[in-house]
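See below for the structure under consideration.
The values are calculated or read from the model by the stated rules, or taken from the named source; none is laboratory data. Computed from a prediction, not measured in an experiment: that's the story for all the values here. We place every Cβ from the backbone using ideal geometry, glycine too, and count neighbours over all the protein chains shown.
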């Protein structure tokens, strides 16, 4: 791949094992991935053929969520775990409806951040867009860095996007998952009128064959890439705390406001929305 030689110079890039972000990029049809990522992705799809469509359904949810929030008046977005920019990015989606929108991207994967910065240099606006190399678990310091970027005003309502991130285990000092605690702190940091956008894999309510295949590939990820944490519908709802869930509440990514799809939104045709294997929702801070 032509880009591989350039990416190998990036600090912090680990080519000894697949990367969650780079494998996900491959599922979405991107090019910011290496042979080790593609080989792992192919093994996943040989066990879980719907995996690529689940990833693309989540991307479609992101498209629809951004469009919906822009229509509700949101103009500021912070995307934690934004991944490698492919298949429509938040600022591109938002700009289709509101050219004055502002976006900060955050990811822990150096390749994702590097590609985001290249994209923004070519097609972005430094006054309205920024990419930060950071970690969900940094909490208050990460929030400070968002403010320092000078793109969004954290004293005003924003939309915090955390999509397809929380099923990746976020280990704290004791090795336990701190994802829910981190989200609780971010809920505190958000101003009233802000929104929290979440999506994550679940093993509840799935067709039997999808559940079996999902459990098998989670084992593959746990052994070769990173540990995962699947949550029930109730556990995902709890991540929103006292935020007011927008209609239709927590539901399958494939079923969340399909009417908000835009001309570039991925089209995924599941026979049943539960085949998406990922639940999603948006909550508003009172």
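The residue of the stretch 73-101 that is farthest from residue 118 (Cα to Cα), among those that are assigned to a loop (DSSP other than H, G, I, E, B) and free of Cβ contacts under 8 Å to residues at least 24 places away in the same chain, is 73.
Given the criteria farther than 26 Å from residue 230 by Cβ, buried (at least 17 other Cβ atoms within 10 Å of the Cβ) and under 15 Å from the mean Cα position of the chain (by Cα), does residue 151 qualify? It is false that residue 151 is farther than 26 Å from residue 230 by Cβ, buried (at least 17 other Cβ atoms within 10 Å of the Cβ) and under 15 Å from the mean Cα position of the chain (by Cα). If the condition is being under 20 Å from the mean Cα position of the chain (by Cα) and either more than 18 Å from residue 85 (Cα to Cα) or surrounded by fewer than 21 Cβ atoms within 10 Å (Cβ to Cβ) (or both), then the stretch 29-39 contributes 29, 30, 31, 38.
Here's the yes/no breakdown for (1) buried (at least 20 other Cβ atoms within 10 Å of the Cβ); (2) touching a helix residue (DSSP H, G or I) at 6+ places or on another chain (Cβ under 7 Å); (3) modelled with pLDDT under 95; (4) farther than 19 Å from residue 228 by Cα:
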{"site": "94", "(1), (2), (3), (4)": "yes, yes, yes, yes"}
{"site": "116", "(1), (2), (3), (4)": "yes, no, yes, yes"}
{"site": "131", "(1), (2), (3), (4)": "yes, yes, yes, yes"}
{"site": "182", "(1), (2), (3), (4)": "yes, yes, no, no"}
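The residues listed here are 268, 217; of these, the one that is surrounded by 15 or more Cβ atoms within 10 Å (Cβ to Cβ) and in a loop (DSSP other than H, G, I, E, B) is 268. Look at (1) part of a loop (DSSP other than H, G, I, E, B); (2) under 27 Å from residue 19 (Cα atoms); (3) touching a strand residue (DSSP E or B) at 6+ places or on another chain (Cβ under 7 Å) and you find that residue 151 fails only one, number (2).
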